[in-house]
Amino acid sequence: MHYDKKLLQILTLFFSVLFFSQLHKKDTLRGEFIYSLKAKLNTLTPDYKHEEFFSLQIGDKHAFFASIQSLKRDSVFQALPIKTLENGAKLLSSKGVSVPKTKFSFTIIQSNENIQYFNLVGMSILTYKEPLIKNWKLSNDTKMINTINCKKAEITFKGRNWIAWYSPEIPLPYGPYKFSGLPGLIIKITDDKKEYDFELVKSVSNSALKGRLININENRYNNAFETTRPKFEKALKDANSNLIGVLQSSETTIIQGKEMIRQRQKEREENKKYENPIELKED
């Protein structure tokens with residue numbers, strides 16, 4: 001338990017650099033939608049579905065998608081007091097603080113030009129761009145979902161076959177995760193194996209949106225290092241397999257717990273072969 005708290009303090013030092021100041025994208029909020037994701041994340045537990053909620057904030061030119069737990073975590077880190085150590089180093093004090101947990105720490109920004117993915121890798125925010133999804137197969141099938149009239153569309157994306165239900169009554173060409181480009185907001189999208197299921201569960205009324213701006217912290221995507229998807233995956237793998245090196249590169253002295261970190265890295269590598277990611281292949 002002592003080690004876990006110590007490691008959390010070390011890791012929060014990283015986040016203090018990235019998430020310390022609260023900044024806002026100066027973009028008018030045109031729509032705010034909450035999606036529920038139910039997903040089978042591990043093949044060892046096929047009967048268990050992880051559930052997490054996401055925010056889709058749509059502005060004048062961009063739409064921002066991120067886990068609500070991840071956004072809450074940002075707020076927690078911003079509120080933590082800063083402790084100055086004897087050597088002058090600054091450390092966030094997380095004693096007695098419950099830090100929200102998330103399986104999805106990324107931020108995705110959709111626009112009319114591309115899809116851009118951001119995530120923390122080691123000490124840096126990395127980003128890569130992907131083209132818009134354009135090869136949707138539209139259908140005349142209709143369905144009512146939570147009192148919303150929807151139309152059907154299908155797509156094969158990153159190794160999964162997806163069925164989407166979108167609403168032309170909500171003329172916003174966005175949706176959860178990287179899915180966009182339909183003539184209406186995506187209300188529900190599920191892969192044909194039913195391993196990943198996004199569904200709209202809440203929206204903010206137009207009257208409540210007046211005067212509001214996008215409130216995704218800019219430090220989640222500003223000053224990110226742009227790379228390619230393959231290079232991003234390699235950097236993530238390298239960082240996960242060398243957490244001790246990442247900590248030492250930040251001039252953090254690890255007094256205890258090196259063996260515990262190595263053991264957890266070994267367990268993570270062992271469990272990785274049972275992961276069931278949302279993207280099964282690159283193309």
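The values are calculated or read from the model by the stated rules, or taken from the named source; none is laboratory data. This is a predicted model, so every value here is computed, not measured. Every residue, glycine among them, receives a Cβ derived from its backbone with ideal geometry; neighbour counts consider all protein chains shown. In case anyone asks, the SASA skips ligands and DNA or RNA and just uses the protein heavy atoms, side chains included. Shrake-Rupley method; radii C 1.70, N 1.55, O 1.52, S 1.80 Å.
Right, Ser241: modelled with pLDDT under 55 and open to solvent by 30 Å² or more (accessible area, probe 1.4 Å) or not?
When the stated conditions are applied, Ser241 does not pass them.
Return the total of residues in the range 164-201 being under 16 Å from Ile108 (Cβ atoms) and open to solvent by 40 Å² or more (accessible area, probe 1.4 Å).
2
Any idea which residue in the range 206-225 is nearest to Gln69 (Cα to Cα), counting only those that are open to solvent by less than 60 Å² (accessible area, probe 1.4 Å) and part of a loop (DSSP other than H, G, I, E, B)?
Result: Ile216.
Scan the range 184-195 residue by residue and report those that are in contact (Cβ under 8 Å) with a residue 40 or more places away in the chain and within 25 Å of Asn112 (Cβ to Cβ).
Residues satisfying the conditions are Leu185, Ile187, Lys188.
Residues in the range 129-154 that are open to solvent by less than 80 Å² (accessible area, probe 1.4 Å) and either under 16 Å from His62 (Cα atoms) or modelled with pLDDT under 95 (or both): how many?
Qualifying residue count for the region: 3.
Just wondering, is there one or more residues in the range 74-94 that are of a type in the set (Val, Ile, Thr) and at pLDDT 95 or above?
Checked the range 74-94: no residue is of a type in the set (Val, Ile, Thr) and at pLDDT 95 or above.
Wholly within the range 27-74, which strands (runs of 3 or more DSSP E) include no fewer than the required count, namely at least 2 residues that are under 12 Å from the mean Cα position of the chain (by Cα) and buried (at least 19 other Cβ atoms within 10 Å of the Cβ)?
The strands (runs of 3 or more DSSP E) meeting that bar are 50-58, 63-67.
Condition check: open to solvent by 70 Å² or more (accessible area, probe 1.4 Å), modelled with pLDDT under 90 and in contact with a strand residue (DSSP E or B) (Cβ under 7 Å, 6 or more places away or on another chain). Does Leu236 satisfy that?
No; evaluated as a whole, the condition is false for this residue.
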